[in-house]
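Peer 1: I'd like to ask some things about the structure below.
The values are calculated or read from the model by the stated rules, or taken from the named source; none is laboratory data. Keep in mind that what you see is a predicted model, and the values were worked out from it rather than measured. Using ideal geometry, Cβ is built from the backbone for each residue, glycine included, and neighbour counts are taken over all protein chains shown. Surface accessibility is based on the protein's heavy atoms, side chains included, excluding ligands, DNA and RNA. Shrake-Rupley method; radii C 1.70, N 1.55, O 1.52, S 1.80 Å.
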Amino acid sequence: LFRSAGQTIRLSGSIGVAIGGPGASAGSLLRDADAAMYRAKERGKARWEIFDDELRDATQRRLEIETALHTALERGEFLVEYQPIVDLTADRIEGLEALVRWRHPERGVVPPSDFVDLAEETGIIGAIGEFVLGEACRQIGAWMADGTVDSRFSVSVNLSARQFEDEHIVDIVRSAIADAAIEPHQLCIEVTEGTLMANGSAVVLERLHDLGVRVAIDDFGTGYSSMTYLHRLTVDTLKIDQAFVAGMCDDRLDRTIVELLLRLGDSLGLQVVAEGVDSSKKLALLKELGCPWAQGFLIAKPMRVNDATRWLRQQAALAASIVSTT
Ligand code: C2E
Ligand code: MG
Ligand code: MG
């Protein structure tokens, strides 16, 4: 504790300790001490930690996955699947959400839940995210070019906190749109509440908005956004977290939350998407409650490009036949 310019300042430190055996180099000791210091920070700061076997294993595992993710990127093992989002009020397809998968040579298709967090920690999410963004925009462009969809159609891309806090993302988004020759409003960026509340996010949000890109709050209701803040944010869409939709037919609290979020969206002039719609019972209740947009396994599962193309054309043919018979 010391005083400076009339202020009392408290300083503390986090210490990492590495013990060197025979053959340890200065570089490896510093690296191990660094890992131990980060664990000290994770465990509440102002303390010390020793680099032990447990930390050695964890560091090793991380290093392996990080290397594997880099290799996967080089070998083109990431792919994008697309899941439809439909407009329940107009019975039309609003767009698709792009969801990344890792086609692992031995493990098969690895879901994002198994690698996105690690990719974010190690920073490689930037490169993976740029791939997904480019791929998704390019695909929409291709579907427009061959007449599968029109310019009202949009694609939603998930961005992690780390990507969203970096102002560079605005240039990446701008060139993805330009390269694919699509309209900015055809791209929707999905971020979670936590991401939006983080420092630096407001600037990026504003600049994306100026570009004309839409922004959705993903998994809404599970984070802690303050309602006053929400009012000031320039977002376009709320996505009601699957957990509330899952319980809404049997649990009164879940149903009340869904109703509240629908009303909140309505009064703030935001679109609302119900996620995880996997039964006709849920779909019927959502329609009854006036939910504008929905996404879920009942409507369609995430699909590879070929299946998504077939699905989109089938829906278009179906809509045309309904129009011609009425
Ligand atoms: P999310 O953005 O909330 O995406 C919706 C997830 O719910 C997807 O899981 C989708 O397959 C799943 N889902 C859709 N409908 C249903 C349903 O009716 N029932 C159930 N049980 N699940 C349904 P997925 O593809 O495994 O993705 C999980 C999460 O990984 C995503 O959640 C998103 O947070 C993250 N993610 C996916 N792709 C990317 C990406 O390109 N970048 C980043 N940063 N994160 C991504
Ligand atoms: Mg999402
Ligand atoms: Mg979600």
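Peer 1: R207 fails exactly one of the following numbered conditions: (1) more than 16 Å from ligand 2 (Cβ to nearest atom); (2) within 20 Å of A294 (Cα to Cα); (3) in a helix (DSSP H, G or I). What is the number of that condition?
Peer 2: Only one criterion in (1) more than 16 Å from ligand 2 (Cβ to nearest atom); (2) within 20 Å of A294 (Cα to Cα); (3) in a helix (DSSP H, G or I) is unmet by R207, namely (2).
Listed here are the residues, each with its yes/no results for (1) crowded, with 16+ Cβ neighbours inside 10 Å; (2) over 19 Å from L73 (Cβ atoms); (3) of a type in the set (S, T, N, Q).
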{"residue": "S113", "(1), (2), (3)": "no, no, yes"}
{"residue": "T122", "(1), (2), (3)": "yes, no, yes"}
{"residue": "I125", "(1), (2), (3)": "yes, no, no"}
{"residue": "Q139", "(1), (2), (3)": "yes, no, yes"}
{"residue": "W143", "(1), (2), (3)": "yes, yes, no"}
{"residue": "D146", "(1), (2), (3)": "no, yes, no"}
{"residue": "D150", "(1), (2), (3)": "no, yes, no"}
{"residue": "S154", "(1), (2), (3)": "yes, yes, yes"}
{"residue": "R162", "(1), (2), (3)": "yes, no, no"}
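Peer 1: Check L69, L88, L96 and return the single one that is of a type in the set (A, V, I, L, M) and within 16 Å of ligand 3 (Cβ to nearest atom). Working first, answer last.
Peer 2: On the way: L69 fails: within 16 Å of ligand 3 (Cβ to nearest atom); L88 fails: within 16 Å of ligand 3 (Cβ to nearest atom).
Going through L69, L88, L96 in turn, just one is of a type in the set (A, V, I, L, M) and within 16 Å of ligand 3 (Cβ to nearest atom): L96.
Peer 1: Still on this structure, I have one more. Looking only at segment 210-260, filter to residues that are more than 16 Å from ligand 3 (Cβ to nearest atom) and of a type in the set (G, A, S); which one of those is most open to solvent (accessible area, probe 1.4 Å)?
Peer 2: S226
Peer 1: Hey, F244 hits all of (1) out of contact with any Asp or Glu (no Cβ under 6 Å at 6 or more places or on another chain); (2) part of a helix (DSSP H, G or I); (3) within 25 Å of V215 (Cβ to Cβ) but one; which does it fall short on?
Peer 2: (1)
Peer 1: Can you tell me which residues in segment 42-61 are open to solvent by less than 100 Å² (accessible area, probe 1.4 Å) and among the charged types (D, E, K, R)?
Peer 2: Step one: list which residues in segment 42-61 are open to solvent by less than 100 Å² (accessible area, probe 1.4 Å), which gives 44, 46-47, 49-52, 55, 57-60.
If the condition is that a residue be open to solvent by less than 100 Å² (accessible area, probe 1.4 Å) and among the charged types (D, E, K, R), then R47, E49, D52, D57 are the ones that fit.
Peer 1: Restricting the search to segment 269-296, which residues are under 15 Å from I240 (Cα atoms) and among the hydrophobic types (A, V, I, L, M, F, W, C)?
Peer 2: Once the filter is applied, which keeps residues that are under 15 Å from I240 (Cα atoms) and among the hydrophobic types (A, V, I, L, M, F, W, C), segment 269-296 yields L270, V272, V273, A274, V277, L283, L285, L286, L289, C291, W293, A294.
Peer 1: Follow-up question, since we're still on this one. More than 16 Å from ligand 3 (Cβ to nearest atom), closer than 30 Å to A294 by Cα, under 19 Å from the mean Cα position of the chain (by Cα) and open to solvent by 30 Å² or more (accessible area, probe 1.4 Å): which single residue out of F78, F131 fits that description?
Peer 2: Working: F78 fails: open to solvent by 30 Å² or more (accessible area, probe 1.4 Å).
After applying the criteria, what remains is F131.
Peer 1: Testing T256 on (1) β-branched (V, I, T); (2) part of a helix (DSSP H, G or I); (3) at pLDDT 95 or above; (4) within 13 Å of ligand 1 (Cβ to nearest atom), one condition comes back false. Which one is that?
Peer 2: (4)
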